[in-house]
Amino acid sequence: QVALVESGGGLVQPGGSLRLSCAASGSIFSIYVMGWYRQAPGKQRELVAAITSGGRTNYADSVKGRFTISRANAKNTVSLQMNSLKPEDTAVYYCNYKQMGMVYWGQGTQVTVSS
């Protein structure tokens, strides 16, 4: 079993920045994928960014060049630096962890981009 604890999020003006962090604990293996998904009201949950334990990253086209995902393997932590935020980035952001065919989710954190 893996537990995910998220931090960060909140209210920010358009053009601003926020940083999300997610710490995984429990039965952590050396090979995994961690990432962030988001879900806006009335929309499906979508991938924002993901990173493998080897450091390979993947981004949604809508956030490329604005968001950066990074990880600290020793701490089983992944962070998402979000810059140049837009109102359309408003959503609940969920940390996601995959290993050995299992998928775990965080509780979600609200990000609101509004003036």
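Miscellaneous remarks
- Where Q1 falls short, out of the listed (1) more than 15 Å from the chain's Cα centre (by Cα); (2) surrounded by 12 or more Cβ atoms within 10 Å (Cβ to Cβ): (2)
- Listed by first and then second residue, the pairs linking a residue in segment 48-64 that is over 18 Å from S21 (Cβ atoms) to a residue that is of a type in the set (G, A, S), with Cβ atoms under 6 Å apart and 6 or more places separating them unless they lie on different chains, are N58/A50.
- Number of positions in segment 34-88 that are buried (at least 18 other Cβ atoms within 10 Å of the Cβ), hydrophobic (A, V, I, L, M, F, W, C) and out of contact with any helix residue (DSSP H, G or I) (no Cβ under 8 Å at 6 or more places or on another chain): 9
- Of all residues in segment 89-102 being surrounded by 14 or more Cβ atoms within 10 Å (Cβ to Cβ), of a type outside the set (V, I, T) and within 18 Å of L4 (Cα to Cα), the one that is modelled with the lowest pLDDT: Q99
- Elements of the type strands (runs of 3 or more DSSP E) sitting completely within segment 3-104 and holding at least 2 residues that are within 25 Å of S115 (Cβ to Cβ): these cover 10-12, 18-26, 33-39, 46-52, 67-72, 77-82, 91-99.
- Where Q107 falls short, out of the listed (1) in contact with a Cys (Cβ under 9 Å, 6 or more places away or on another chain); (2) open to solvent by 30 Å² or more (accessible area, probe 1.4 Å); (3) in a strand (DSSP E or B): (3)
- The lone exception for V92 - which of (1) at positive phi; (2) in contact with a strand residue (DSSP E or B) (Cβ under 6 Å, 6 or more places away or on another chain) it fails: (1)
- Qualifying residue in segment 19-27 (condition: in contact (Cβ under 8 Å) with a residue 40 or more places away in the chain, more than 17 Å from T109 (Cα to Cα) and of a type outside the set (A, V, I, L, M)): yes
The values are calculated or read from the model by the stated rules, or taken from the named source; none is laboratory data. None of the values given here were measured: they were computed from a predicted structure. For neighbour counting, all protein chains shown are included, and Cβ atoms are generated from backbone atoms with ideal geometry for every residue, glycine included. The area values use the complete protein model at the heavy-atom level, side chains included, leaving out ligands, DNA and RNA. Shrake-Rupley method; radii C 1.70, N 1.55, O 1.52, S 1.80 Å.
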